[in-house]
Amino acid sequence: MSDVLLDVRDLERHFEGLAAVDGISFTVGRGEVVSIIGPNGSGKTTTLNLVTGALRPNGGTIALDGERIDRADSAKIAEHGIARTFQNGRVFATLSVADNIEVGLHSTLRANRPFRRLSNLFLLRWVPLLAELYIAIVGTPASRREQRRIDEVIAAEIDRFEARLGPRRDDPAYSLSYANRRRTEIARALALDPKLLVLDEPTAGMNQSETAEVLQQLLELKAAGQTILLVEHKLDLVMTVSDRVIVMDGGRIIAQGRPEEVRRDTAVVEAYLGRRRGLGGVDLV
């Protein structure tokens with residue numbers, strides 16, 4: 001088995017003639033934390049949207065675990081093993097913390113979603129709907145076992161953020177602080193036990209102590225072997241948690257390598273600051 005989990009080759013995405021992503025190639029190895037950094041508008045989030053199926057590429061290939069996914073939709077890509085969070089945070093405001101996490105497990109359901117493959121066939125899509133309604137009302141031994149498994153996963157993810165989310169398990173998401181909504185979103189992504197966790201600015205809007213908490217959680221995930229593709233503006237966090245850093249500017253990769261190599265790269269410094277300075281301590285939020 002190859003050590004490469006995600007393989008991106010010659011990836012392109014254009015918007016009205018503008019190359020937002022311009023022929024980039026990179027890999028993410030199993031158990032590796034790879035961060036993408038760059039100035040605003042450099043193509044970082046567009047790259048994540050392409051990898052996770054939110055956008056279709058105009059060219060190039062994306063493979064996960066050796067299987068092409070660049071033409072799959074986001075639901076299929078989630079089933080392949082990619083989970084993500086979003087730059088602006090996305091939770092269901094009226095659902096509780098626990099219910100938000102459970103929503104993330106929808107693609108893993110089997111007993112509670114029988115005949116799911118028929119849902120893509122127009123004339124037969126009523127079959128899985130009726131079957132799911134029956135199971136929701138009556139239940140089966142298999143569906144009850146699956147629900148117990150779901151409850152265990154939800155409890156484990158809330159435990160991960162116990163001090164912050166534990167007391168708020170049943171609170172609606174709209175009542176949470178911004179930082180706790182971001183934690184709920186991360187817990188929902190992790191509930192899938194993804195092969196690749198994609199995080200788009202997970203500490204955006206957080207203060208210094210909240211950022212330090214997220215950094216510690218990322219380090220714990222890294223120690224547990226979780227593969228992560230991260231976009232983040234806070235360079236101290238990036239340099240601490242990353243195995244490799246990819247730097248984008250103008251839709252292209254201008255540098256990549258170990259954090260200490262990237263920190264000293266002249267092209268990187270000039271892309272951020274327009275002049276030769278070290279990147280130590282710079283916070284681009």
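Since every read-out is calculated from the coordinates, none of them should be taken as a lab result. Please read these numbers as outputs of a predicted model, since none were measured by experiment. In this analysis, Cβ positions are derived from the backbone assuming ideal geometry, glycine residues included, and neighbour counts consider all displayed protein chains.
Just a few scattered comments:
- Comparing VAL33, VAL269, VAL153 in a Gaussian network model of the chain (Cα springs below 10 Å), the most mobile by mean-square fluctuation is VAL269.
- Computed over the chain, Kirkwood Rh from alpha-carbon pairs, angstrom: 20.2
- In this structure, ASP73 and VAL127 have a Cβ-Cβ separation that, at R0 = 22 Å, corresponds to a calculated FRET efficiency of about 0.55.
- Bins of 10 Å, starting at 0 and running to the largest distance - Cα pair percent for the stretch 92-175: 17, 38, 31, 13, 2
- Computed [θ] at 222 nm, helices only, for the chain once each DSSP H run of length n ≥ 4 contributes -39500 (n - 2.57): -11000 deg cm²/dmol
- Within the listed set LEU133, LEU230, LEU109, the Gaussian network model of the chain (springs between alpha-carbon atoms below 10 Å) gives the highest mean-square fluctuation for LEU133.
- Note on the stretch 87-245: Rg/Rh from C-alpha atoms, Kirkwood Rh, equals 1.04.
- Computed over the stretch 213-273, relative contact order equals 21 percent, with contacts defined as Cα pairs under 8 Å that lie 6+ residues apart.
- The residue list ILE253, VAL238, ALA78 was ranked by how far each Cα lies along the charge dipole of the chain toward its positive end, using unit charges on Cβ atoms, and ALA78 comes out on top.
- Using a Förster distance of 22 Å, the FRET efficiency for GLU220-ASP193 (Cβ separation, nearest 0.05): 0.90
- Alpha carbon centroid spacing (whole Å) that separates the stretch 1-71 from the stretch 166-240: 21
- For LYS222, the lysines whose Cα comes closer than 19 Å to its Cα, not counting residues fewer than 8 places off in the same chain, are LYS195, LYS234.
- Listed by Cβ neighbour count within 10 Å, with the fewest neighbours leading, THR211, THR266, THR47 appear as THR266, THR211, THR47.
- Our Cα-only numbers for the stretch 15-126 put the radius of gyration and Dmax at 16.8, 49 Å.
- Note on the stretch 1-58: with charges restricted to the Cβ of Lys and Arg (+1) and Asp and Glu (-1), its dipole about the Cα centre is near 140 debye.
- Structural descriptor for the stretch 92-175: relative contact order 50 percent, calculated from alpha carbon pairs under 8 angstrom and at least 6 residues apart.
- Neighbourhood net charge (10 Å Cβ-Cβ; Lys/Arg +1, Asp/Glu -1) for GLY53: +2
- Within a Gaussian network of the chain (alpha carbon springs, distance under 10 Å), most fluctuating of LEU219, LEU237, LEU121: LEU121
- Fewest-first sequence of ARG263, ARG30, ARG71 by Cβ atoms within 10 Å of each Cβ: ARG71, ARG30, ARG263
- Lys, Arg +1 and Asp, Glu -1 on Cβ, resulting dipole of the chain about Cα centre, debye, nearest 20: 480
- Within-9-Å neighbourhood charge of GLY43 [Cβ basis; K, R +1; D, E -1]: +1
- Taking a quarter of the surface of the Cα convex hull of the stretch 60-109 gives a mean projected area of 4.6 nm².
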